[in-house]
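*Asks:* What follows is a single structure, and I will ask about it in a moment.
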Amino acid sequence: MFQRLKTLKESPSQTAGPYVHIGATPNWVEITGVWEEDLGLVLIGPDTRGERIIIKGRVFDGSGTPLKDALIEIWQADADGLYNSPEERRGKADPNFVGWGRQPTDGVTGEYRFETIKPGRVPYKDGRLMAPHITFWIVARGINIGLHTRLYFGDEEAANAECPVLARIEHKHRVQTLIAARSEEKGLPTYTFDIHLQGEKETVFFDI
Amino acid sequence: MSDQGSFYQRDRSWHPAAFTPQYKTSVLRSPQYPLLSLENTISEMTGPRFGHNKIGPLDNDLIRNYAKTGDPIGQRIIVYGRVLDENARPVPGALLEFWQANAGGRYRHKKETYLAALDPNFGGCGRTITDEEGRYWFRTIKPGAYPWPNGVNDWRPAHIHFSIFGHAFAQRLITQMYFEGDPMIWQCPIVSTIPDKAGIEMLIASLDRNATLPMDSLAYKFDIVLRGRRSTMFENRMEGN
Ligand SMILES: [Fe+3]
């Protein structure tokens with residue numbers, strides 16, 4: 001007799017389809033009155049600690065056309081590098097910062113935009129610090145399984161240079177696909193992070 | 001509280017590939033480089049948690065949550081089941097969001113052009129959070145099949161889209177639920193992106209006569225499985241733990 005392991009297979013992914021916004025951001029597609037506010041639109045309030053920033057960009061397909069029907073989710077640490085999650089065992093994150101956001105890409109321009117704070121650094125498995133980063137998850141029609149990637153900050157050159165995750169990227173020119181250039185908008189540091197699904201500038205996506 | 005171990009690697013051969021030419025939109029939207037395999041870090045082993053206080057009393061009632069002048073047209077159904085992980089343990093506190101077409105196969109969306117009529121009493125979205133045993137349920141009407149521009153005569157089988165948040169961002173999943181006995185499941189270019197028949201069958205809800213509301217609603221049972229995590233016994237503790 002052997003002991004059979006009780007394990008299940010994960011439910012297979014299916015594309016989010018063209019109408020993901022009906023479920024994720026119904027108010028944004030004019031389905032009003034079902035619930036007050038779409039989840040994930042607002043990340044920060046007056047009491048949130050940390051440096052205010054804007055992150056924005058577009059998602060391009062293999063022909064260079066921006067996706068106008070994508071949905072972007074972000075997940076990030078607070079200003080001290082702690083996640084607001086029961087799974088966070090290192091300390092208590094800023095109670096005024098959820099750290100999760102969700103935005104559609106604009107139906108005309110294809111641009112997404114988040115107002116958030118710059119995250120602190122988080123340790124890698126071996127204790128070395130990763131560079132500040134924001135996890136991205138992208139779904140859309142034509143994407144069969146959600147794509148994970150990370151935004152890194154263009155003005156964190158020293159931290160980026162020693163980040164153990166960026167060091168895992170074998171083709172060094174591809175590191176640049178994860179680094180958002182800094183500019184300024186409304187007096188706020190603004191980081192532009194364009195995502196390329198395909199082609200010469202294809203973004204590094206992770207199997208995590 | 002779940003263990004702190006990392007998640008089992010995702011079985012990419014079980015999920016649809018990125019590039020599936022029978023589903024034409026995937027051709028220009030599929031990454032061509034291999035994904036970079038990354039051991040889970042704290043960034044993926046944590047995730048947002050949504051409180052029951054975010055959820056309104058009608059959020060899981062698609063028959064009533066948009067209705068203006070009466071009930072929506074269509075067959076009344078209950079969809080219920082559990083969210084489990086790969087270790088067959090329930091996932092409590094998971095946020096489920098769902099969206100669907102109306103009984104005629106029409107979505108309430110400005111880009112939708114299918115000629116089937118809109119239903120003034122049907123919005124097509126809902127959400128709920130699993131209880132301590134990972135259970136969920138909601139009430140809706142059975143969606144209709146609809147044609148879509150891919151081949152000249154491709155139709156989607158009746159389906160409900162699901163988005164699921166477990167306990168960690170690594171578990172994030174969007175999928176679709178189909179209905180037992182529908183022959184169109186086996187003719188759909190999106191369903192067939194799933195390589196294994198057993199994988200497709202995981203997405204087919206069973207008609208459950210024992211859970212029907214007599215003289216009111218049919219019931220379909222749909223369990224969802226998210227990634228499971230290792231137990232921590234042989235794993236190095238992370239710094240700071
Ligand atoms: Fe659909």
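The values are calculated or read from the model by the stated rules, or taken from the named source; none is laboratory data. Just so you know, these numbers come straight off a predicted model, no measurement behind them. Positions of Cβ are backbone-derived with ideal geometry, glycine not excepted, and every protein chain shown enters the neighbour counts.
*Asks:* When you go through A:Val34, A:Val29 one by one, which is the residue that is over 23 Å from B:Gly47 (Cα atoms), out of contact with any Ser or Thr (no Cβ under 8 Å at 6 or more places or on another chain) and within 16 Å of the ligand (Cβ to nearest atom)?
*Replies:* None of the other options fit; the residue is A:Val29.
*Asks:* Kindly evaluate A:Arg90 against the criterion of being closer than 21 Å to B:Ile42 by Cβ, within 13 Å of chain B (Cβ to nearest Cβ) and without any contact (Cβ under 8 Å) to a residue 40 or more places away in the chain.
*Replies:* So A:Arg90 fits the description; yes.
*Asks:* For the stretch A:32-67, enumerate the residues that are within 9 Å of chain B (Cβ to nearest Cβ), of a type outside the set (Val, Ile, Thr) and over 14 Å from the mean Cα position of the chain (by Cα).
*Replies:* A:Gly33, A:Trp35, A:Glu36, A:Leu39, A:Asp61, A:Gly62, A:Ser63, A:Leu67
*Asks:* Which residues, counting only those in the stretch B:108-119, are in contact with a strand residue (DSSP E or B) (Cβ under 8 Å, 6 or more places away or on another chain) and either buried (at least 21 other Cβ atoms within 10 Å of the Cβ) or closer than 16 Å to A:Thr32 by Cα (or both)?
*Replies:* Let us first name the residues in the stretch B:108-119 that are in contact with a strand residue (DSSP E or B) (Cβ under 8 Å, 6 or more places away or on another chain), namely B:114, B:116.
Those that are in contact with a strand residue (DSSP E or B) (Cβ under 8 Å, 6 or more places away or on another chain) and either buried (at least 21 other Cβ atoms within 10 Å of the Cβ) or closer than 16 Å to A:Thr32 by Cα (or both): none in the stretch B:108-119.
*Asks:* Considering only the stretch B:137-172, state which residues are more than 16 Å from the ligand (Cβ to nearest atom) and without any contact (Cβ under 8 Å) to a residue 60 or more places away in the chain.
*Replies:* Passing the criteria: B:Gly151, B:Val152, B:Asn153.
*Asks:* Hey, another quick one. Take the conditions in contact with a Phe, Trp or Tyr (Cβ under 9 Å, 6 or more places away or on another chain), more than 12 Å from chain B (Cβ to nearest Cβ) and either under 21 Å from A:Thr177 (Cα atoms) or surrounded by 21 or more Cβ atoms within 10 Å (Cβ to Cβ) (or both) and apply them to A:Thr105. Does it pass? Please lay out each step first, then the result.
*Replies:* Details: in contact with a Phe, Trp or Tyr (Cβ under 9 Å, 6 or more places away or on another chain): yes; more than 12 Å from chain B (Cβ to nearest Cβ): yes; either under 21 Å from A:Thr177 (Cα atoms) or surrounded by 21 or more Cβ atoms within 10 Å (Cβ to Cβ) (or both): yes.
Criteria met by A:Thr105.
*Asks:* Something else now. So which residues in the stretch B:84-104 are farther than 19 Å from A:Asp69 by Cβ and crowded, with 18+ Cβ neighbours inside 10 Å? Quick ask: steps written out before the conclusion?
*Replies:* Of the residues in the stretch B:84-104, the ones farther than 19 Å from A:Asp69 by Cβ are B:84-96, B:102-104.
Within the stretch B:84-104, B:Leu84, B:Asp85, B:Glu86, B:Asn87, B:Val91, B:Gly93, B:Ala94, B:Leu95, B:Leu96, B:Asn102, B:Ala103, B:Gly104 qualify.
*Asks:* I'd like to know if the stretch A:132-153 contains one or more residues that are aliphatic (A, V, I, L, M), more than 7 Å from chain B (Cβ to nearest Cβ) and free of Cβ contacts under 8 Å to residues at least 40 places away in the same chain.
*Replies:* Looking through the stretch A:132-153, none of the residues is aliphatic (A, V, I, L, M), more than 7 Å from chain B (Cβ to nearest Cβ) and free of Cβ contacts under 8 Å to residues at least 40 places away in the same chain.
*Asks:* Could you grab the pairs with beta carbons closer than 6 Å, sequence gap of 6+ or different chains, first residue in the stretch B:89-106 and within 11 Å of chain A (Cβ to nearest Cβ), second one assigned to a strand (DSSP E or B) and within 14 Å of the ligand (Cβ to nearest atom)?
*Replies:* Close Cβ pairs satisfying both conditions: B:Glu97/B:Ser163; B:Phe98/B:Ile160; B:Phe98/B:Phe162; B:Trp99/B:Cys125; B:Trp99/B:His161; B:Gln100/B:Ile160; B:Ala101/B:Tyr146.
*Asks:* Scan the stretch A:14-28 for residues that are over 19 Å from the mean Cα position of the chain (by Cα), of a type in the set (S, T, N, Q) and facing chain B (nearest Cβ under 7 Å) and jot them down.
*Replies:* Correct list: A:Gln14 only.
*Asks:* Report, by residue number, each residue of the stretch B:184-208 that is part of a helix (DSSP H, G or I), more than 11 Å from every other protein chain (Cβ to nearest Cβ) and either crowded, with 18+ Cβ neighbours inside 10 Å or modelled with pLDDT under 95 (or both).
*Replies:* B:Ile185
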